[in-house]
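Derivation of every value follows stated rules applied to the coordinates shown; laboratory data play no part. The shown structure was predicted, so the numbers you read here are calculated from the model rather than taken from an experiment. Cβ placement follows ideal geometry from the backbone for every residue including glycine, while neighbour counts extend to all protein chains displayed.
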């Protein structure tokens, strides 16, 4: 259990284009999902908290118009990097908290997707 | 301000010996702590967690110790195996917020 997938696993795009990354919880429902960004040899930095049915909550310094988040269902959240530039190149990782009442998975544990490597040329 | 710190960026251990990874935190409101293992270009994999009401939690070869007074936790892996070689992150949060704060990671290398 606790499988979270991300698609695509890697993407290369031209500067100025938009890129959409999908995050799915495959075997559990997740009202809350999270988007992180990791630069080389650095820690995971929380970008935003994605809530099904409501607007995402962005961390300080993260441009919400730049990084659009849509939590379309209890198993899917998307992150769209709009008008991407080379400085947006990074490793983007999502995670999901399982909703209560869904078996043995710990409620307070975030389960992470495999990540998406974005390279903007 | 780095609320969760892993002061050792790397650690090398012989196969079969104990690996001890350390993590310090500054926010006394944190009441739940986790350890994740991460390979390059992959997402973190959950290893073990501990709530602040406990001082020890064990799962197979992995044991996490929590010293609240020192605001310190550690992950013990025994015996260490070459497959344990990865970057280990500790994370902390305040229950109900779900906002994890990650440490900077420690790269463990287990030598065969």
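Expressed as a rounded percentage, what relative contact order does chain A have, with Cα pairs under 8 Å and six or more residues apart? Working shown, then result.
On the way: 307 pairs, mean separation 43.7, N = 121.
Reported relative contact order: 36 percent.
Who wins for biggest fluctuation among B:70, B:86, B:41 in a Gaussian network model of chain B, springs between alpha carbons below 10 Å?
Looking only at B:70, B:86, B:41, the largest GNM fluctuation is found for B:41.
With label points built 7 Å along Cα→Cβ from the Cα atoms of residue A:64 and residue A:27, find their separation and express it in nm.
The two pseudo-label positions are separated by 3.5 nm.
Take chain A, connect every pair of alpha-carbon atoms lying under 10 Å apart with a spring to form a Gaussian network, then pick out the residue of A:63, A:52, A:22 with the largest mean-square fluctuation.
Result: A:63 has the largest fluctuation of those listed.
Can you tell me the convex hull volume per residue for chain B, based on C-alpha atoms, in Å³ to the nearest whole number? List each step's numbers first, then the result.
On the way: hull volume 11.2 nm³, N = 112.
About 100 Å³ per residue, rounded to a whole number.
Can you give me the Cα centroid spacing of the range B:65-111 and the range A:29-66 in angstrom?
Cα centroid to Cα centroid, the span is 22 Å.
Each label point is 7 Å from the Cα along the Cα-to-Cβ direction; what then is the distance between the points at residue B:111 and residue A:42, in nm?
Label at residue B:111, label at residue A:42, 3.2 nm between them.
By what distance, in whole Å, do the Cα atoms of chain A stretch along each of the three principal axes, largest value first?
Principal-axis extents of the Cα atoms in chain A, largest first: 44, 27, 22 Å.
Mind grabbing the base-10 log of I(q)/I(0) for the protein assembly as shown at q = 0.08, 0.18 Å⁻¹? Debye formula, identical points on the C-alpha positions, no solvent, two decimal places.
-0.29, -1.37
Out of every Cα-Cα pair in the range A:27-92, what percent are more than 19 Å apart?
On the way: 696 of 2145 pairs.
Cα-Cα pairs in the range A:27-92 separated by more than 19 Å: 32 percent.
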